[in-house]
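The values are calculated or read from the model by the stated rules, or taken from the named source; none is laboratory data. Because the structure is a prediction, the values reported are computed rather than measured. Don't worry about glycine lacking a Cβ; one is built from the backbone with ideal geometry, like all the others, and counts go over all protein chains shown. For accessibility, only protein heavy atoms count, side chains too; no ligands or nucleic acids. Shrake-Rupley method; radii C 1.70, N 1.55, O 1.52, S 1.80 Å.
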Amino acid sequence: LVKALGAIHRLSKLYTPVYPRTDYFDKYNMTYLNSLISDEYGDLKKSIAGRLNAFRSLPKDTNCYGMVHFDFSDGNYHVDMDTGTITVFDFDNSMNGWYMFDLANLWIHNEGWTRHENDPGKRFELLRQCFDLQLQGYRSETDIAEEMLKQLPLFIDMVLIENIVDEFECCEREGEELDYEDIEDAARCLIESIPYAGFGEN
């Protein structure tokens, strides 16, 4: 599966779009987020603003930045059980961003493999083991610089921000009040700078 993600990124590095997609900061900027997220969540907005400043210092060369899926997860691919062929779909959210975003998204979705472990420290190590195995498959298609991999915690925060923003956008579209429990764990990780260890982090 992660070979498929590596292939997408490998092709993205060679791709010259006729009609460019949205750039990350076209959406993820405090002008938009201040209009979306009320001042009731001031600590969260301050934490997001700090991360966005950090993101702006990241390199954006063609080896690390290009077209990304932006929602590469279990619900967005199909495996043909007869041939093993993997078909990735739902590119609706694709944008120009860092390839590490898609990799960090894998880290968060590995929660499903590790939530049986109650100890957050042990769960974090299991997440790392899953990610290291996935990285082997990814690197069979394309490489990612060690300098970018060292920024994995920052990119995990980037995914948490995307998940939080998505919750606020969904509530706005539906005209509903946000249930803070839906974002509580992710928000706490951002506000308190807690490494994301999956379900029930503490």
I need every pair where a residue in segment 52-75 that is touching a residue at least 60 places away in the same chain (Cβ under 8 Å) has its Cβ under 8 Å from the Cβ of a residue that is open to solvent by less than 60 Å² (accessible area, probe 1.4 Å) and among the basic types (Lys, Arg), sequence separation at least 6 or different chains. ASN63/LYS13
Assuming ASN96 fulfils every condition listed in (1) more than 18 Å from GLY66 (Cβ to Cβ); (2) in contact with a strand residue (DSSP E or B) (Cβ under 6 Å, 6 or more places away or on another chain) apart from one, which condition is it? (1)
Number of the condition not met by PHE101 [criteria: (1) in contact with a strand residue (DSSP E or B) (Cβ under 8 Å, 6 or more places away or on another chain); (2) farther than 23 Å from ALA197 by Cβ; (3) of a type outside the set (Val, Ile, Thr)]: (2)
Out of all the residues in segment 145-163, is one or more of a type in the set (D, E, K, R), surrounded by fewer than 16 Cβ atoms within 10 Å (Cβ to Cβ) and within 18 Å of GLY66 (Cβ to Cβ)? yes
Name the residue that is nearest to CYS170 (Cα to Cα), counting only residues in segment 4-40 that are in a helix (DSSP H, G or I) and touching a Ser or Thr at 6+ places or on another chain (Cβ under 8 Å). HIS9
All-but-one check, GLY42 against (1) touching an Asp or Glu at 6+ places or on another chain (Cβ under 6 Å); (2) more than 20 Å from TYR138 (Cβ to Cβ); (3) not aliphatic (A, V, I, L, M), failing number (1)
What pairs come out if I take residues in segment 139-163 that are hydroxyl-bearing (Ser, Thr, Tyr) and pair them with residues that are part of a helix (DSSP H, G or I) whose C-beta lies under 7 Å away, six or more apart or interchain? SER140/LYS3; SER140/GLY6; THR142/GLY6; THR142/HIS9; THR142/ARG10
Take the residues in segment 65-94 that are under 15 Å from the mean Cα position of the chain (by Cα), over 17 Å from ASP157 (Cβ atoms) and hydrophobic (A, V, I, L, M, F, W, C), then tell me which one is surrounded by the most Cβ atoms within 10 Å (Cβ to Cβ). PHE72
From the set of residues in segment 41-88 that are among the small types (Gly, Ala, Ser) and part of a loop (DSSP other than H, G, I, E, B), which is nearest to GLU147 (Cα to Cα)? SER57
Looking across segment 23-64 at residues that are acidic (Asp, Glu) and farther than 26 Å from PHE91 by Cα, the single one that is most open to solvent (accessible area, probe 1.4 Å) is GLU40
Filter segment 148-202 down to residues that are aromatic (Phe, Trp, Tyr) and not in a helix (DSSP H, G or I) and give me whichever is nearest to the chain's Cα centre (by Cα). TYR196
